1. Rank H275, N37, I180 by how far each Cα sits towards the positive end of the charge dipole of the chain (+1 on Lys, Arg Cβ; -1 on Asp, Glu Cβ) and give me just the farthest.
2. Report the one residue of L332, Y301, G321 whose Cα lies farthest in the direction of the positive end of the charge dipole of the chain (charges on C-beta: Lys and Arg +1, Asp and Glu -1; origin at the Cα centre).
3. Roughly how big is the range 78-198's charge dipole about its Cα centre, with Cβ charges of +1 (Lys, Arg) and -1 (Asp, Glu), in debye to the nearest 20?
4. Determine ³J(HN,Hα), in whole Hz, for all residues of the range 250-267 in sequence, where each value follows from phi through the Karplus function 6.51 cos²θ - 1.76 cosθ + 1.60 and θ = phi - 60°; x replaces Gly and Pro.
5. What ranking do Y109, Y173, Y147 get, fewest neighbouring Cβ atoms within 10 angstrom at the top?
6. Suppose only helical runs count, i.e. DSSP H with n ≥ 4. What mean residue ellipticity at 222 nm does that imply for the chain under -39500 (n - 2.57) per run, divided by all residues and rounded to the nearest 500 deg cm²/dmol?
7. Which ³J(HN,Hα) values in Hz, rounded to whole numbers, follow from the phi angles of the range 110-120 under the Karplus curve 6.51 cos²θ - 1.76 cosθ + 1.60, where θ = phi - 60° and Gly and Pro get x?
8. Quick check on my link table: of K75/K106; K106/K322; K166/K221, which ones sit more than 20 Å apart, alpha carbon to alpha carbon?
Amino acid sequence: MIKVLLASLFLVTTARAYVPTVESLFRQGSNPDLISNGVSVSMVVKKVIPGERAEGSTVADVSLLADDKSESFYKLFLTKASGDTIKVAQARFGDRSFSEKTIRHKIYYPNFTPYTVKANVEQIEKGIFFSLIHSLTMNNGSHLVSYLKTLGVPVKLNNDLINRSKVELLADYKRYLTVISKSRSARETEANPLKPEDPAARTRVEQLLKESMYVDQGQVKLGRDEGDMAWLVTAGAFEAVVSYKDREVKRVRFKSAAGDLEILCEDYWLANGTHRMPKTIILRNFSGVTYQIEVSSLRHYTESGDDLVKRLRSWDENLKGKDTGDVRPEFLL
């Protein structure tokens, strides 16, 4: 009963003027929570020649892209570890089958954190692209926010934006409900934190209940993008557009002295029966080169440490005798 009352109170007091945080927007809110610890995503990557410029963007419309007939095939594996640490493996394959027999290159990070990719011009494209993939596949915006902080972007994690006064008030109310649920007579002696006798204190409580659970940094605004309602993010050198209804990332842009990195996410689809992903990602790097990333599959699974070791050993076995020299697009690990 106490949990029900608290949940109802939370919904009532936060729904009035809700503005999501940057971290919340990149949680991929249209997807259900993950019940597994592993995820893999297959990608077909190719350079493209942009056609006409899409309105409001420096990247050409997907329908106007011309193929330069060069494709690469990559697969990313992400496995939850502890805290903000994950295990990451990336492999390049020879064709769309993504068969281990066609593997051409692999790279493995046993302890990948938001700080693994360095905050320098040579690494930023990797850091932002991987953070976005992490957000899209694992329903977690904290990795992106943490990486952006290393780049000097003035964003904060939800934990740093929490309205402490409101949290403490609700905690006091929870304790009050616990006490009175154990003893009816306690209602006569225990003061309800939400209904203090002092008028000034009651006014303060009423004001707190109207406030958001998070301190608004003014970085997220509700506006329009190409005529549609959308959440618009502006935080220093970082900008993003997220759809209002489905909370799906539409566009990300990072401005630097080396140029602008822009990523468009298009054609969202139910990639694995439960989770939505953009079918097409268009990336324009600092140098102005445009890539099309086709997401061909998404899989969530439960993986043990032995499973991971078995996969890596299988890759090594299939790489024997092959030239593993690899020149990857600058945004891949």
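1. It is I180, whose Cα lies furthest towards the positive end.
2. Farthest along the dipole direction, towards plus: Y301.
3. Dipole magnitude for the range 78-198 comes out near 500 debye.
4. Ordered by residue, 3J(HN,Hα) equals 9, 8, 10, 9, 10, 9, 9, 5, 7, x, 10, 9, 10, 10, 10, 10, 10, 6 Hz.
5. Fewest to most other Cβ atoms nearby, the residues stand as Y109, Y173, Y147.
6. That comes out to -9000 deg cm²/dmol.
7. Couplings: x, 9, 8, 10, x, 10, 5, 7, 5, 8, 10 Hz.
8. K166/K221
All of the numbers you see were taken from the coordinates with simple rules; none came from a lab. These numbers come from a predicted model, not from an experiment. Every residue, glycine among them, receives a Cβ derived from its backbone with ideal geometry; neighbour counts consider all protein chains shown.
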